[in-house]
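Structure first, then comments.
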Amino acid sequence: MTDHRIHDLPALFEIDDMVLDGLSEREIRLLIGALNFHAIMAPERELDVHLYDGDVTALPRLTDDATFDGGSRQFRHRLRTVRMRSLVTMDGREPAAAEEPSLALSAHHERHLHISSDVIVAQDPERPPRTDLIGRVARRVKAVAPLWYDEARDLTLLRHRRMLTSAARRQSYEKQFDVGGVDEDFLIVPAAEAPRGATRAVVIGMHWFELGGAERWAFETVRLAREAGLLPIVLTDRESHHAWIGRPELDGALLLPFSVPTDISQTPGVEPVLRTLLRMFDIRGVVVHHNQWLYDRLAWIRLSRPGIPVVDSTHIVEYRGGGYPRSSAIVSDSISTHHVISPQLRNWMLEVQRIPAEKVVMAPLGGLTIKPKDATFRPRSAGEPLTVAFIGRLARQKAPEVFVSLVRELHRSGEDMRFVMHGDGEQSGWIDDIIEADGLGGVIARRTSAVSVEDTLDEAHVLVIPSHNEGLTLTTLEAIAKGVPVVSTDVGAQADIIPASALVPRNVHRAVRGLATVLRGLAQDESAREDLWRRERKAEKKLLANKTATDWFRNEVATW
Amino acid sequence: MVNVAAVVVTFNRLEKLKNVIASIEKQTLPVSTLFVIDNASTDATGEYLTGLETTVPLSVVTMPENLGGAGGFAEGMRRGYASGADHVWIMDDDCYPEPTALQALVRGLDDAVAELGPEVPFSCSVVKFTDGEICEMNNPVPTWDWGRLLVRGQQNVMVTACSFVSVLIPRWAIAEYGLPYSEYFIWFDDREYTLRVTARCPGVQVLDSTVVHDMGDNRGVNFSMVDRKSLWKFSYGVRNEASWQLHHRGVLYFLEFGARLFVSLHRGRVPLDLRLKLMGRWLRGITFNPRITHVDAS
């Protein structure tokens, strides 16, 4: 039953192969992932699956409750209808009364899916600015005073401060099902045993199949799990076009990319999808990478399979509510090992969240994209202006507006420097506005992510990380490996690499002043620039002397 | 292949309903599913539908209570949309489509889209009375340039409003504009809905798609015809139109509608107590303002 493959991927259903004709690798994998989910939810049944198109704003609809009953306005144009047959067997269990809404949903004979096409995904989605008066005023204010806008936002974040400095209350899963609990209408029904000889597998929860440092690491764990002889069952819970679902690390994996909500289909305490996976496969462990859906269900998995290892991996404490490290701490009783990527985060887990030290493993991600051993400092030619680079998504976290303000500060004071801004993202419109308002159009060289990071680092003399928040940035490690020193705001684990002399406060106004001062010094003193790089390289070597995340997880998964 | 769900809303008209179903079975373009919305009929409709076998896939939906034509059409369109149909074809339980009616509606819609663009929101049939004459109360409202498609060789007249007697609505229009106001219960639901969906582009009446409306008495309606027996229907009509005029067009239209109502009642010598009741329903339109329900409403 579990050996069936379509397009060389495990498939829990049968379908006419012609259905895949003309689809790209990404589209095929999304479709197979969605049909895997629906095969689980309709064991031994045949379903008519309607496939709809959508524009660039329409994210794939794969598994959410509307895919059962068609109740979504997104299903505007049907492209075609295909028939699938589930290869999943019934479990023969008498359903509980609380499962009725889920069963009613599953009883529909049709499913409704939207697999976004590559053509649509390639389009840059329009982000039209608000055109009403408030929108226009806000846009103008943000363009001429971006840092004051940041200050106002920081003020609003103060209310989350306590989340960052206090231990999270631990989840009491079983109490949720007691009278008065949030799940009082439901019952906990643990999964049945898997049959002898079932395929050994590991459940890996990812955020999404998109670009990012955390995702690179998550993909690496999928590869390592397969290398260890386990079938990776990879599920995601964040809606996305999943541009990276075609990556080779996912070859041979059972894919389950979720669209949400799944509240009705996934009855609390019963967990139809997870229970079927546990029934069909010999699940040897669970890995969570920034996947709240799976965090919420770890306790149920531990009740069903008390002995199996449950590992999670976190990177960054978010200022707004703590982010995934706090989610992790809440369900820490269901987690056997917390993997963190920086000493700073390890300290937070131990000291703030009071997680026992033996449960926390610090293993940096350094080995993924960089080889620091052979790095040499890249000197600047005589008379060459200092090239200052920003590399990163144009997103709030990366604070591109701080970089633009820094350029304005340095440009006004007549410094002989070049500025390169490398990246694109949802704030590109805002950044365009600021650059125009500051008259810096001819001063900053803009590059999209179509240009490789390496090319920009080959030109750069200093990399600036002005971020509002970070874990330990991969670009920092990559820059050092390319002989480029880094100056940064003092956020996340940057202090683990960057010496105090090149760290500036996170507050945006102080950051601009501090970064300008450091850069002026480096422009005038080449030996200081080299000295900074050497100290950073030393710190990087020290950090990477720790067992890398890859080595640690390879050993870990080998025992599963 | 195009995929059309037919929706028939019925209430206590079993013999006519049998004819409607038979007419749908005879379509040259078969429907993918026939949804019969039984508005809690109290005659033998329920028993008949329970054992019914048809040549097209049939889905009978028995409403817990009579929600009027408006509620029935809203439910049927929601079901048709959820079935994955490309178009939903709606009609009353006394509407007998000719065998090629649906095929012509689909072709007519496609033709209109080819000329006017993809936003043509419906195509509707020519509605005849049982004697072959035009049905007085089911005439669509043409646009000022209604003949534009005719001169290009199409069998389509451009219209802005029609009644729910054989109307083909593409699924995108339902996704975008939502469902008819079920709160209207009866009367003006079809007018409001078709005006709503023609906000950007007119619909079309397809001249070679014909249906017979077996409605008993072939008369148009106006407010001078109110009597005690028909008061209940007129009450809904007045309230619904007053609400629409005020909340979707403006206060002057609302006042103009009130004046028109007043004059019609006066000219028809409608008994004073009925006039008072209907003027009260006109005022009820001030506070009656339902919200659009969409297909994703839980």
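The values are calculated or read from the model by the stated rules, or taken from the named source; none is laboratory data. Since this is a predicted model, take the numbers as computed values, not measurements. A quick note on method: Cβ atoms are made from the backbone with ideal geometry, for glycine too, and the neighbour counts reach across all protein chains shown.
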*Within the range B:9-46, restricting attention to residues that are of a type in the set (Asp, Glu) and in contact (Cβ under 8 Å) with a residue 24 or more places away in the chain, which residue is nearest to B:Phe164 (Cα to Cα)?*
B:Asp38
_Qualifying residues in the range B:165-188 (those that are among the small types (Gly, Ala, Ser) and assigned to a helix (DSSP H, G or I)) - the one farthest from B:Gly108 (Cα to Cα)_ = B:Ser182
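Quick check on A:Val270: is it buried (at least 21 other Cβ atoms within 10 Å of the Cβ), closer than 19 Å to A:Ala168 by Cβ and touching a Phe, Trp or Tyr at 6+ places or on another chain (Cβ under 9 Å)?
The answer is no for A:Val270.
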*Qualifying residues in the range A:332-341 (those that are farther than 15 Å from A:Gly205 by Cα and part of a loop (DSSP other than H, G, I, E, B)) - the one nearest to the chain's Cα centre (by Cα)*: A:Ile341
_Odd one out for A:Val49 among (1) buried (at least 20 other Cβ atoms within 10 Å of the Cβ); (2) more than 28 Å from the chain's Cα centre (by Cα); (3) in a helix (DSSP H, G or I)_ = (3)
_First in the range A:462-473 and more than 15 Å from A:Val508 (Cα to Cα), second anywhere and among the hydroxyl-bearing types (Ser, Thr, Tyr), Cβ under 7 Å, 6 or more apart_ = A:Leu463/A:Thr475; A:Gly471/A:Ser342; A:Leu472/A:Ser342
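Let's see how each residue does on (1) surrounded by fewer than 23 Cβ atoms within 10 Å (Cβ to Cβ); (2) within 14 Å of chain A (Cβ to nearest Cβ):
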| site | (1), (2) |
| --- | --- |
| B:Thr45 | no, no |
| B:Val60 | yes, no |
| B:Ala74 | no, yes |
| B:Arg78 | no, yes |
| B:Met91 | no, no |
*Do we have any residue at all in the range B:215-231 that's modelled with pLDDT of 95 or more and hydroxyl-bearing (Ser, Thr, Tyr)?*
no
*Among residues belonging to the range A:509-550 that are in contact with a helix residue (DSSP H, G or I) (Cβ under 7 Å, 6 or more places away or on another chain) and β-branched (Val, Ile, Thr), point out the one that is nearest to A:Thr489 (Cα to Cα).*
A:Val512
*Pair list, Cβ under 6 Å, 6 or more apart: the range A:63-78 residue at the interface with chain B (Cβ under 7 Å from one of its Cβ atoms), other residue among the acidic types (Asp, Glu) and assigned to a loop (DSSP other than H, G, I, E, B)*: A:Gly71/B:Asp296; A:Ser72/B:Asp296; A:Arg73/B:Asp296; A:His77/A:Asp53; A:Arg78/B:Asp86
*asked:* Would you confirm whether or not the range A:253-267 contains a residue that is assigned to a loop (DSSP other than H, G, I, E, B), at pLDDT 95 or above, more than 24 Å from A:Ile32 (Cβ to Cβ) and over 24 Å from the mean Cα position of the chain (by Cα)?
replied: yes
*asked:* Whether any residue in the range A:114-135 is under 22 Å from B:Met77 (Cβ atoms), under 30 Å from the mean Cα position of the chain (by Cα) and within 14 Å of chain B (Cβ to nearest Cβ) is what I want to check.
replied: yes
*Could you say which residue among B:Val61, B:Val56, B:Val151 is within 19 Å of the chain's Cα centre (by Cα) and modelled with pLDDT of 95 or more?*
B:Val61
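Which of the residues spanning the range A:519-560 are closer than 30 Å to A:Arg226 by Cβ and modelled with pLDDT of 90 or more?
Of everything in the range A:519-560, those that are closer than 30 Å to A:Arg226 by Cβ and modelled with pLDDT of 90 or more turn out to be A:Ala549, A:Thr550, A:Asp551, A:Trp552, A:Phe553, A:Arg554, A:Asn555, A:Glu556, A:Val557, A:Ala558, A:Thr559, A:Trp560.
Residue-by-condition table, conditions (1) within 28 Å of A:Leu406 (Cα to Cα); (2) assigned to a loop (DSSP other than H, G, I, E, B):
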position	(1), (2)
A:His108	no, yes
A:Ser116	no, yes
A:Ala143	yes, no
A:Trp148	yes, no
A:Met163	no, no
A:Arg170	no, yes
*Would you mind finding the one in B:Val251, B:Val270 that is at pLDDT below 95 and farther than 21 Å from B:Ile186 by Cα?*
B:Val270
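Just to be sure, is A:Leu515 in contact (Cβ under 8 Å) with a residue 12 or more places away in the chain, touching a strand residue (DSSP E or B) at 6+ places or on another chain (Cβ under 7 Å) and of a type outside the set (S, T, N, Q)?
So A:Leu515 fits the description; yes.
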_The listed residue being crowded, with 21+ Cβ neighbours inside 10 Å, hydrophobic (A, V, I, L, M, F, W, C) and either within 14 Å of chain B (Cβ to nearest Cβ) or closer than 21 Å to A:Ala201 by Cα (or both), out of A:Ala34, A:Ala58_ = A:Ala34
*Is there a residue in the range B:122-141 that is within 14 Å of another protein chain (Cβ to nearest Cβ) and within 29 Å of B:Thr42 (Cα to Cα)?*
no
*Which one is farthest from B:Asp94 (Cα to Cα) among residues in the range B:166-183 that are surrounded by fewer than 23 Cβ atoms within 10 Å (Cβ to Cβ) and away from chain A (no Cβ under 14 Å)?*
B:Glu183
*Out of the range A:118-141, which residues are in a loop (DSSP other than H, G, I, E, B) and modelled with pLDDT under 80?*
A:Gln123, A:Asp124, A:Pro125, A:Glu126, A:Arg127, A:Pro128, A:Pro129, A:Arg130, A:Thr131
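I'm checking my understanding of the structure. Among residues of the range A:79-104 that are basic (Lys, Arg) and within 14 Å of chain B (Cβ to nearest Cβ), which one is nearest to A:Pro60 (Cα to Cα)?
Among those residues, the one meeting the criterion is A:Arg80.
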*Those residues of the range A:314-325 which are surrounded by fewer than 21 Cβ atoms within 10 Å (Cβ to Cβ) and assigned to a helix (DSSP H, G or I), in sequence order*: A:Gly323
_For the condition part of a loop (DSSP other than H, G, I, E, B), surrounded by 18 or more Cβ atoms within 10 Å (Cβ to Cβ), touching a strand residue (DSSP E or B) at 6+ places or on another chain (Cβ under 8 Å) and not hydrophobic (A, V, I, L, M, F, W, C), what is the one hit in A:Arg529, A:Arg506?_
A:Arg506
*Considering every residue within the range A:148-162, establish whether at least one is more than 14 Å from every other protein chain (Cβ to nearest Cβ), surrounded by 13 or more Cβ atoms within 10 Å (Cβ to Cβ) and touching a Pro at 6+ places or on another chain (Cβ under 9 Å).*
no
_Candidate set: the range B:254-297, residues that are within 14 Å of chain A (Cβ to nearest Cβ) and in contact (Cβ under 8 Å) with a residue 12 or more places away in the chain; chosen: the one nearest to B:Arg79 (Cα to Cα)_ = B:Val295
*Which one of these is free of Cβ contacts under 8 Å to residues at least 60 places away in the same chain, of a type outside the set (Asp, Glu), outside the structural domain of B:Ser235 (by TED's automatic domain parsing) and part of a loop (DSSP other than H, G, I, E, B): B:Arg191, B:Arg148?*
B:Arg148
*Could you list, in sequence order, the residues of the range A:532-560 that are of a type in the set (Asp, Glu) and crowded, with 19+ Cβ neighbours inside 10 Å?*
A:Glu536, A:Glu540, A:Glu556
